[in-house]
1. Does residue 387 satisfy the condition of being closer than 30 Å to residue 77 by Cα, surrounded by 10 or more Cβ atoms within 10 Å (Cβ to Cβ) and modelled with pLDDT of 85 or more?
2. Taking helices (runs of 4 or more DSSP H) that fall entirely within the range 1-83, which contain at least 3 residues that are under 16 Å from residue 125 (Cα atoms)?
3. Among residues belonging to the range 251-267 that are surrounded by 15 or more Cβ atoms within 10 Å (Cβ to Cβ) and under 50 Å from the mean Cα position of the chain (by Cα), point out the one that is nearest to residue 309 (Cα to Cα).
4. Within the set of pairs 6 or more residues apart or between chains, which connect a residue that is farther than 14 Å from residue 248 by Cα inside the range 188-202 to a residue that is assigned to a helix (DSSP H, G or I) with Cβ atoms less than 8 Å apart?
5. Quick one: residue 672 ticks every box in (1) modelled with pLDDT under 80; (2) loosely packed, with under 15 Cβ neighbours inside 10 Å except a single one, so which number is it?
6. Identify, from the list 189, 162, the residue that is surrounded by fewer than 20 Cβ atoms within 10 Å (Cβ to Cβ), assigned by TED's automatic domain parsing to the domain that holds residue 261 and modelled with pLDDT of 80 or more.
7. Just one of the numbered conditions (1) farther than 30 Å from residue 709 by Cβ; (2) modelled with pLDDT of 90 or more; (3) buried (at least 18 other Cβ atoms within 10 Å of the Cβ) is not true of residue 561; which one?
């Protein structure tokens, strides 16, 4: 197993289907990682000799379908092993208590299965593995530090330096000042913690200074460090001053209390004098005593001119040691017998303690069993309480849904009655129009009969023509000539022929949706991150390119063809919204509104039907209606309630366009409840050049407040601006400078006939 890469993951779960699902996810997310499944139902709980070191990460289920054993029990039993992998606990029905207990055992994360996603799973695995690597590295550093801090190793290194006449190393001895007074305040344990505190911070300073430090405690109150000797005296002085300043900043905290301390530091360059390790320690100690004569954190560097301390105590200690060794040899035999007796007594005491330990373990097992039973009972009670709460919430929700349905049914009836009244009015208007058309037809037939009679009279009359008759005849001759000329030129297709061809192209599915990007020029972290496109349509043809130019503005066609095209465009957009199966569509669409929307309610009824089919996708949130203000004003009586219904009931937004005068903008927006304006670049400049309405001032307002222009006023009302016709960089720069929110044009984005590849467009039938 590598220390740098994630290689192997163990899944320990009693649900085989869930294991396979997790394994599939990980295989796709981390293809180079080997995944091993462990089934506790058939294999039981892992044995004591289970090789945990084989795995980097463990995915552990809480409920394992093993009597008396949970995932938490496995953690308690094995997690203290150094080789135990980084652990993520998964549960289908855990509690906060279980989560807390699991986290106390050292797991990286506690994840409910129902909220686990592929991205969250990958992130948890990687972070758990990295955290485990950091822990292992830290433990290695601690182990290495402990080894380097061994007193035996320290003295061996010091003796080696003496033997080699080492001159590039130095011995530093650090002692806290007034240690007896501090000990009276914080006790022996506190004193020991203080010395460790000083040693740790000193070691960090020397390590950062790349001094190759080796540290140990020479006594209960002193720390010795071997370091590389600096290149010169100035550097040495600088380093020692830095150590004193650092220790002054390191506040010592013990039992929630802070204590001030100072140290005295003695330094000895090795190789200056040939003495034993113990004697060199004494010299460094004498230098620290010399440093203690100065207040605060201080240091003293021993020189060859300084007097050596009295080593007689050391020599007498050596002699007495030699005498004691001889005497000890004479006492070995008698002491051996005493040791054998003590060993026998210790063995008996050991057996007694082992028996007591077994009894304690048995009692502990019984207590854990009782705790598990109590935990299961608690979890069962909590589950029953949750079920009751869920049932009550469900009943409440159903009651609220019934009331809401009643209200919606009432509103629907009222809307239906309103629609029927409008339909009646439309029918009457239609009948009136048909009557007028019939009268016009009869008048036409009467005129044609009169013209025929006149022509017949002309052919039978041979009398000379009067001047007026000659003029009339000349005009008729000219008309006939023009008719003859016209008949000699190729006939252009009539609008009716073009419309029939477009209908045929739609039936043959030779019409495609087009999308032109609308660029957001602001960043709010929300709406600006949504992709907005202006929709259109294009014919798939190899000839007659003028047809596609006519499709740019479908308002030139008849109302009936407009309705067909509008339904086709909306159908394609609804397919785009629903094709992913997600309730949030990442793309929004700008749809043009024609007069066909308001000619009758057939398009609106169709749209309501589609909206009811796709209710869960909330398609209205993804659609912005491009409403020309002239069309709205022309059909205001019918348009306003329809637009308001789409906005309030289905969250459709409205973008007002074709505004001829900026003076009417405020009233136009209020009229349609719009929050979006589509303007040309010159209209945008007019907005910035005009002042907005006067602000209401108070006594506390500054009299010199700068007045808002009309654009600033609109933005305070939450209205966004789309600037159209951006065909070059200059126009885009001007639009940005003038404060527009969106830009559309060939320079920003060309018209395209696809967004993403999808094989599901035809799978959702919208009728």
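1. Values: closer than 30 Å to residue 77 by Cα: no; surrounded by 10 or more Cβ atoms within 10 Å (Cβ to Cβ): yes; modelled with pLDDT of 85 or more: yes.
Taking the combined requirement at face value, the residue does not satisfy it.
2. Passing ranges, in order: 16-29.
3. Taking the range 251-267 and keeping what is surrounded by 15 or more Cβ atoms within 10 Å (Cβ to Cβ), we get 252, 254, 259, 261-267.
Of the ones still in play, those that are also under 50 Å from the mean Cα position of the chain (by Cα) are 252, 254, 259, 261-262.
Details: 252: 32, 254: 35, 259: 33, 261: 27, 262: 24 Å.
Among those that are surrounded by 15 or more Cβ atoms within 10 Å (Cβ to Cβ) and under 50 Å from the mean Cα position of the chain (by Cα), it is 262.
4. What qualifies is 190/182; 190/183; 191/179; 191/182; 191/183; 193/186.
5. (2)
6. After applying the criteria, what remains is 189.
7. (2)
This table checks each residue for (1) surrounded by 10 or more Cβ atoms within 10 Å (Cβ to Cβ); (2) in a helix (DSSP H, G or I); (3) at pLDDT below 90.
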site	(1), (2), (3)
320	yes, yes, yes
330	no, yes, yes
350	yes, yes, yes
355	yes, yes, yes
371	yes, yes, yes
377	yes, yes, yes
399	yes, yes, no
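The values are calculated or read from the model by the stated rules, or taken from the named source; none is laboratory data. Owing to the predicted nature of the structure, the values given are computational and were not obtained by experimental measurement. Backbone-built Cβ (ideal geometry, glycine too); neighbour counts: all protein chains shown.
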